[in-house]
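**Student:** One structure, pasted below without further comment.
Any read-out appearing in this document is the output of simple, stated calculations on the displayed coordinates, not a laboratory observation. In this text, all values refer to a predicted model and were calculated from it rather than measured experimentally. Quick reminder, even Gly has a Cβ in these numbers, built from the backbone with ideal geometry, and neighbours come from all protein chains shown.
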Amino acid sequence: MIRPFWTALGTAFGRRRAERQLDAELRFHLEQAVEQNLRQGMSGEEASREALRSFGGLELTKEECRDAWGVRILDALRQDLRFGLRNLARNPGYAVLAAATLALGIGANTAIFSLVYGVLLRPLPFAAGHRLAVLRQQAPLAGVSSMGFSCHEIDDYRRQGQSFERLVEQHSMVFILLGRAEPERVRTSVVSADFFDFLGVKPLAGRVFLSGEDQPGAEAVLVLSHAYWQRSHGGDLSVVGRTFRMNNRPHRVVGILPALPQFPDENDVYMPVSACPFRSNPDFIANRNARMMRVFGRLKPESTLETARAELATIASRLERQYPDSYPAHRGYRLQLARLDEELTLRARPTLLILLGSAGLVLLIACANVANLALARLVRRDREMAIRTALGAGRGRLARQLLTESTLLALAGGALGLLLAHACLPALVTFTSRFTNRIQQIHIDGAVLLFTLAVSIATGLLFGCLPALGPRRDVAVGIREAQGAGTTAPARQRLRAALVVCQVAISFLVLAGAGLLGRSVVKLHQVDPGFNPDRVLTMTISPNWSKINDSQRFRSFFQTALERLNSMPGVAAAAVAFKFPLDQSVRSNRNFQIEGQAATDGGPRPVADFRAVSPGYFQVLQIRLVRGRLFSGQDHERAPAVALVNQTMARRWWDQRDPIGRRVSLNSGRTWLTIVGVVGDVRQYGLEQAPVDELYLPFAQSPAGVNVLVRTASDPLAMARQLREALYQLDAESPISDLRTLEQVRSAALAPPRLTALLFALFAGLTLLITVTGLTGLISLTASQRTNEIGIRMALGASPTAVIRMLVGQALLLVLAGLALGVAAAVALSRLLSRLLFGVEPTDPLTFLGVALGMLALAAVSCAIPARRATAIDPLIALRSG
Amino acid sequence: MGKDKTDLLQGTLDLLILKTLLAAPQHGWGISQRIQQVSRDVLSVNQGSLYPALHRLERQGWMASEWGNSENNRQAKFYRLTPAGRRRLAEETENWERVSLAINRILQTV
């Protein structure tokens, strides 16, 4: 059964060809001999018999030739395999332990690699994804990292840029779609007509936009995203061709997108730019400073990112000279270009790479452990090895035998690890979705399988090589020692000790990492966010702007809504606001001017985040009033313009002086706002981010806001339905979405670091488990090898405690050495982790000390058990066993 | 074959093969014929050991082989000496001379 396989393999190695050549060579020889014999006058038959005779056994000659080729490798491999399998079957405990250990290591690596491959390495699912780039206009001096492009700017870059095949624009809007049972709030991506050609996306049904459909006056058309089509239209193909009302005009559905990850964000529908009422407004188009759109480009095949960057910089500086009013020098304009694939994974990259690194460490530890097990077994196999050496097995052959066995084990571990990875993948994908939207591409596929195979084989070779590297030994000594089982080769013992030291060092590294991440999470939880998220509901209302289309109507819509909410039983307070804390939105900051402080020419101007809030906002969120007063109903649209600042802002601009009564302007001094109070800082953008300067404006005076916040007397989610209905009664065409409690928002903000720490802790637990088994294994082997010596010591009066102390002490010495190495490595690698930490130094001595002490204690306990067992033996028996 | 032919001493076959190839590339049959000729039919090459020796020497890198046409225009495997083979030949020759000198001395003194 096995034979044809080996024949096939032999052929693959050119064996059949070699055989043919050997036949030809010998046939030539025989023919020559026959010819010579014929010339000497023999008869035909006689001549060939004589030729064969003088050859002395053709088959034997062939066999000897084959030996000379060394084609016996395959046969030897087969022997090694069979012997290896038999050997492992005889030691099922060892085989299972080793394969399981390796499965943990290989499984962790396979799982994390499939994330890394799917998110970071796999090309974008768009045509020539590596040539897609994102353009970004920045004003670094004003602290703006991305401010969008205006219509004029897009035209300029399109016309003047030569590096791109095409530039497309996109912006996201939320519109209300009417024509279904309920008004529906749809996330809308407003794009150039050639947006889908740019990505190379073909529609699932219908068509995508035609060129010209983004020109003024074109019919308003829609393309539905796959997810939205499934969710809201039940995957009904007949929706293509139907018409819905949006923004007071009919919109016809022309196509449905395939199930691809959407880009740059997830949207429900797509429309051409001419259909967006904001984007197609002539005033908006004419205004060079109305920057709202994102711009993406596809590089020409012959241009590189660098040349494109240089070209864009040239155009940018040309525009800056041409329109100095649009690009004031004090904001410091700059154009940035980045690869799209890197852009989409910016947040996931450091976390995933750190995880891959730690998975690698887990595997390394697993390798060291199995190598240690193999070494321990080798001690018992010394006799076998010595005999095989005596029987003529070469050193290479013995090493090969060990490598075959280790590779077999590693492959078994790899197969198990694959199952493990497969089982863990869904949870890991959920984890990754918090960092990137590229999770649809995470699968265990060919590339991942190849990776697992490569890792398994490399693992097998790695841990197989270590024991094979053992010292060259004299045959006779080997046999004698093996019989006596008295001492083992000191070199091998040193190797095992070195392995344990490395394991401890690596464990320390991973544990310290987990400890630091854990402390970061604790610190994050302890951060005072500056507001109280308990029992606060937030929801987004999108007023149907075709009816509520000026600021007066907008203001009264929300004021009526607030009155209605406040009158409901169970509502403690309600407010409307432009944003709420931790809402993951982009910064909305503006330059401002302080009265009496001349703007320094060319220098950066003061920047602050601004928020429009209704008076109840501070009550709902329980934001502290530090001095002065809060907003009240008196601060209406006809009252003097007022503002509140947060403590950070007050400290920065007024330091010791009182900011109350001072005036600031957001429009270069045309109108002034009087500061009436100072409120506490709020962590707006993330618990790990320091508060920024904040300027609060009364909603009545600057009506901007889409979020309604409600503090309830009891469980907020229980009231959600009631609140929703009350608001729908007010206006049935203004949909409500994103209804959440602030506690949910807060824990979503805490989730990524918490989950990262959790994964790290899992890895740390694995390394610790593996290391402790390795350590106890070493101690029990040492103890069993030194049974004789222990017997003598005890016979001479050593107490069991003294013996235990001796054995444990020796183990702890190794652990200490490993810890020292681990601390050094942790300090050296501290930079890598620092990006994921919050409020803890990457070399935090407290964490290091805690981990080190914990490991020492654990090591002492786990070593004491085998040491105790060694001393429990009767000295007499111990002595005899030598 | 006749009784007046001497079997080769262990280990000398390699030396003779290498030496034969020093002049020109040759196939197995040619090598055996040439050794017989030059030794005036005193040494006969046991063909059963010639070919394993050729394959072994090739594998050790002292000879290389290629297929070519023989004198009577048949496909034959020709062996030629590699530079390593030349060095090996020099060593083996020196070794042989030392041994044969020693044996001669013993034969003369006894």
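**Student:** Highest first, please rank the peptides A:325-331, A:797-803, A:639-645 by the mean number of other Cβ atoms sitting within 10 Å of their residues. Walk me through the numbers on the way to the answer.
**Tutor:** Numbers: A:325-331: 15.0, A:797-803: 13.0, A:639-645: 21.0.
For the peptides A:325-331, A:797-803, A:639-645, the packing ranking is A:639-645, A:325-331, A:797-803.
**Student:** Return A:SER238, A:SER192 ranked ascending by Cβ neighbour count within 10 Å, so the fewest neighbours appear first.
**Tutor:** With the sparsest Cβ surroundings first, the list reads A:SER238, A:SER192.
**Student:** With a 10 Å cut-off between alpha carbons and a GNM built on chain B, which of B:ASN95, B:ASN72, B:ASN46 moves the most?
**Tutor:** Answer for the Gaussian network model of chain B: B:ASN72.
**Student:** If you don't mind, another one. Against the longest principal axis of chain A, how steep is helix A:72-90, in degrees 0 to 90 to the nearest 10, with axes from Cα atoms?
**Tutor:** Roughly 80 degrees between the two axes.
**Student:** While we're on this one: For segment B:12-109, what is Rg from Cα atoms divided by 2.2 N^0.38 Å, rounded to two decimals? Could the numbers behind the result be given before it?
**Tutor:** Numbers: Rg = 14.7 Å, N = 98, 2.2 N^0.38 = 12.6 Å.
Compared with the compact-globule rule of thumb, segment B:12-109 sits at 1.17.
**Student:** Using only Cα atoms, what is the ratio of the radius of gyration of segment A:727-871 to 2.2 N^0.38 Å? Don't skip to the answer; put the middle values down first.
**Tutor:** Values: Rg = 25.7 Å, N = 145, 2.2 N^0.38 = 14.6 Å.
Relative to the rule-of-thumb radius for its length, segment A:727-871 sits at 1.76.
**Student:** Next question. Between B:ALA90 and A:GLU46, how high is the FRET efficiency from 1/(1 + (r/R0)^6) when r is the Cβ-Cβ distance and R₀ = 30 Å? Nearest 0.05.
**Tutor:** Working: r = 43 Å, r/R0 = 1.44.
Result of the calculation: an efficiency of 0.10.
**Student:** Helix A:44-55 versus the longest principal axis of chain A: what is the Cα-based angle in degrees, 0 to 90, to the nearest 10?
**Tutor:** Once rounded, one gets 80 degrees.
**Student:** When the Cα centres of segment A:628-680 and segment A:82-150 are compared, how far apart do they sit, in Å?
**Tutor:** 50 Å
**Student:** Moving on. Could you give the spread of the C-alpha atoms of segment A:517-577 along their three principal axes, from largest to smallest, in whole angstroms?
**Tutor:** 52, 28, 15
**Student:** Another question, if that's okay. If you rank A:ASP844, A:ASP268 by fewest surrounding Cβ atoms within 10 Å, what's the result? It would help to have the intermediate numbers written out before the result.
**Tutor:** Values: A:ASP844 19, A:ASP268 22.
Ordered by Cβ neighbours within 10 Å, fewest first: A:ASP844, A:ASP268.
**Student:** Let me ask another. How much of the pair distance distribution for segment A:543-734 lies past 25 Å, counting alpha-carbon pairs only, in percent? It would help to have the intermediate numbers written out before the result.
**Tutor:** On the way: 7097 of 18336 pairs.
Every Cα pair in segment A:543-734 considered, those over 25 Å come to 39 percent.
**Student:** Taking every residue in A:54-64, how many Cβ atoms of other protein chains lie within 10 Å of its Cβ, on average? Please list the in-between numbers first.
**Tutor:** On the way: counts 7, 5, 4, 2, 3, 0, 2, 8, 2, 1, 7.
For this peptide, the per-residue mean of nearby foreign Cβ atoms is 4.
**Student:** If you don't mind, another one. Going by how many other Cβ atoms sit within 10 Å of their own, how do B:ARG86, A:ARG90, A:ARG309 line up, fewest first? Don't skip to the answer; put the middle values down first.
**Tutor:** Details: B:ARG86 13, A:ARG90 9, A:ARG309 17.
The fewest-first ordering by Cβ neighbours comes to A:ARG90, B:ARG86, A:ARG309.
**Student:** Ok, one more. Around B:MET63, which amide H atoms from residues at least 5 apart in sequence, or from another chain, sit under 5 Å from its own amide H, with H modelled in the peptide plane?
**Tutor:** B:GLU58, B:THR82
**Student:** Given R₀ = 30 Å, FRET efficiency for A:SER145-A:HIS525 by Cβ-Cβ distance, to 0.05?
**Tutor:** Details: r = 28 Å, r/R0 = 0.94.
It comes to 0.60.
**Student:** Could you tell me the calculated FRET efficiency between A:LEU846 and A:ALA748, based on Cβ-Cβ distance and R0 = 35 angstrom, to the nearest 0.05?
**Tutor:** Numbers: r = 29 Å, r/R0 = 0.83.
With a Förster radius of 35 Å, E is 0.75.
**Student:** Take every residue in peptide B:49-60, count the Cβ atoms of other chains within 10 Å of its Cβ, and give the average of those counts. Could the numbers behind the result be given before it?
**Tutor:** Working: counts 3, 3, 11, 10, 3, 3, 11, 6, 1, 2, 3, 1.
Per residue, the number of nearby Cβ atoms from other chains is 5 on average.
**Student:** Give the angle, between 0 and 90 degrees and rounded to the nearest 10, that separates the Cα long axis of helix B:28-38 from the longest principal axis of the Cα atoms of chain B.
**Tutor:** On a 0 to 90 degree scale, this one is about 40.
**Student:** Same structure, new question: Which three extents, in angstrom, do the Cα atoms of segment A:140-332 have along their principal axes, listed largest first?
**Tutor:** Answer, in whole Å and largest first: 53, 37, 31 Å.
**Student:** Using 0.36 nm per residue of separation minus the Cα-Cα distance, give me the extension gain between A:ALA718 and A:LEU856 in nm, one decimal.
**Tutor:** Numbers: separation 138, 0.36 × 138 = 49.68 nm, distance 5.07 nm.
Stretched fully, the A:ALA718-A:LEU856 segment lengthens by 44.6 nm.
**Student:** Mind checking which of A:ASN544, A:THR847, A:LEU428 is farthest towards the positive end of the protein assembly as shown's charge dipole, using Cβ charges of +1 (Lys, Arg) and -1 (Asp, Glu) about the Cα centre?
**Tutor:** After comparing all options, I get A:THR847.
**Student:** Still on this structure: Only Cα pairs under 8 Å and at least 6 apart count here; give the relative contact order of segment B:12-109 as a rounded whole percent. Could you put the intermediate results ahead of the total?
**Tutor:** Details: 96 pairs, mean separation 29.1, N = 98.
RCO, segment B:12-109: 30 percent.
**Student:** Something else now. Listed highest first by mean packing, meaning other Cβ atoms within 10 Å per residue, what order do A:255-264, A:51-60 come in?
**Tutor:** Result, highest mean Cβ count within 10 Å first: A:255-264, A:51-60.
**Student:** Could you work out how far apart the two model spin labels at A:LEU85 and A:SER433 are, taking each label as a point 7 Å from the Cα in the direction of the beta carbon, and quote it in nm?
**Tutor:** About 4.4 nm, to one decimal.
**Student:** How would you order B:96-107, A:670-681 from highest to lowest mean count of nearby Cβ atoms within 10 Å?
**Tutor:** Details: B:96-107: 10.6, A:670-681: 18.6.
In descending order of packing, they fall as A:670-681, B:96-107.
**Student:** Let me ask something else about it. Please compute the average number of Cβ atoms from other chains found within 10 Å of each residue's Cβ in peptide A:22-35. Provide the component values of the computation, followed by the final result.
**Tutor:** Numbers: counts 3, 0, 5, 11, 5, 3, 8, 11, 2, 5, 11, 4, 0, 2.
The per-residue average across the peptide is 5.
**Student:** Taking Cα atoms of the protein assembly as shown, Rg/Rh with Kirkwood Rh, to two decimals? Mind dumping the intermediate values first?
**Tutor:** On the way: Rg = 41.9 Å, Rh = 36.6 Å.
On the Cα set of the protein assembly as shown, Rg over Rh gives 1.14.
**Student:** Treat every Asp and Glu Cβ in chain B as -1 and every Lys and Arg Cβ as +1, leave all other atoms uncharged, and give the resulting dipole magnitude about the Cα centre to the nearest 20 debye.
**Tutor:** Working: 15 positive and 11 negative charges, 17 e Å.
With Lys and Arg at +1 and Asp and Glu at -1, about 80 debye.
**Student:** Got the relative contact order for chain A handy, in percent, Cα pairs under 8 Å and 6 or more residues apart?
**Tutor:** Numbers: 1421 pairs, mean separation 132.7, N = 882.
Taking the mean separation of contacting Cα pairs over the length of chain A, I get 15 percent.
**Student:** Also: At 0.36 nm per residue, minus the direct Cα-Cα distance, what do A:ARG831 and A:SER303 gain on full extension? Give it in nm, one decimal, please. Don't jump to the answer; show the numbers that get you there.
**Tutor:** On the way: separation 528, 0.36 × 528 = 190.08 nm, distance 3.51 nm.
Between A:ARG831 and A:SER303, full extension yields an extra 186.6 nm.
**Student:** Can you compute the equivalent ellipsoid semi-axes for segment A:666-776, i.e. the square root of 5 times each eigenvalue of the Cα gyration tensor, sorted largest first and rounded to whole Å?
**Tutor:** Working: eigenvalues 382, 127, 27 Å².
Largest first, segment A:666-776 gives 44, 25, 12 Å.
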